1. Dimensions of segment 34-74 along principal axes (Cα, Å, largest first)?
2. Please give the Cα centre distance for segment 1-41 versus segment 53-91, rounded to the nearest Å.
3. Run lengths n ≥ 4 of DSSP H only: what is the helix-derived mean residue ellipticity at 222 nm for the chain, with -39500 (n - 2.57) per run over all residues, to the nearest 500?
4. Charges at C-beta only: +1 for Lys and Arg, -1 for Asp and Glu. How large is the resulting dipole of segment 2-92 about its Cα centre, in Debye rounded to 20?
5. Taking a ≥ b ≥ c as the square roots of the Cα gyration tensor eigenvalues, with a/c under 1.5 meaning rounded and otherwise prolate when a/b beats b/c, else oblate, which class fits segment 9-63?
6. Tell me, what is the percent relative contact order of the chain, built from C-alpha pairs under 8 Å that lie six or more residues apart?
7. Under a crude label model (7 Å from the Cα following the beta-carbon direction), how far is residue 17 from residue 40 in nanometres?
8. Compute log10 of I(q)/I(0) for the chain with the Debye formula, placing one identical point scatterer on every Cα and leaving out solvent, at q = 0.14, 0.23, 0.25 Å⁻¹, to two decimals.
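Since every read-out is calculated from the coordinates, none of them should be taken as a lab result. If you're wondering where the values come from, they're calculated on a predicted model, not measured in any experiment. In this analysis, Cβ positions are derived from the backbone assuming ideal geometry, glycine residues included, and neighbour counts consider all displayed protein chains.
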Amino acid sequence: MPVRFGVARALQISTICHLCTIVFLVMVGLSAHMKIIYWIGLAAVIAVLMWEHRIVSPTDLSRINRAFFDLNAYVSIAFIFATVADIIVSSTV
């Protein structure tokens, strides 16, 4: 994307994709009637995604690897743990 659209536009597209991800994860939580653990995990995911966009700018790409690789890994792990924990706790109640 950066080659085709430029760095600034690629970062804007990334922001739009992350906002869509958040909307869809909220819709999943609502439709699946998830409980508090899911929502806390989702809040953590949102915080990490926001942090990811704060540490990278079109004029400073020095932390792009951290944002893309490390923080996205944290998002994935946090989301799966929160989802599974919520399902386990909800099924035992």
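1. 40, 15, 8
2. Here the answer is 11 Å between Cα centres.
3. It comes out at -25000 deg cm²/dmol, rounded to the nearest 500.
4. Dipole magnitude for segment 2-92 comes out near 200 debye.
5. Note, shape of segment 9-63 comes out oblate.
6. 33
7. Those two pseudo-labels are separated by 3.1 nm.
8. -0.56, -1.12, -1.25
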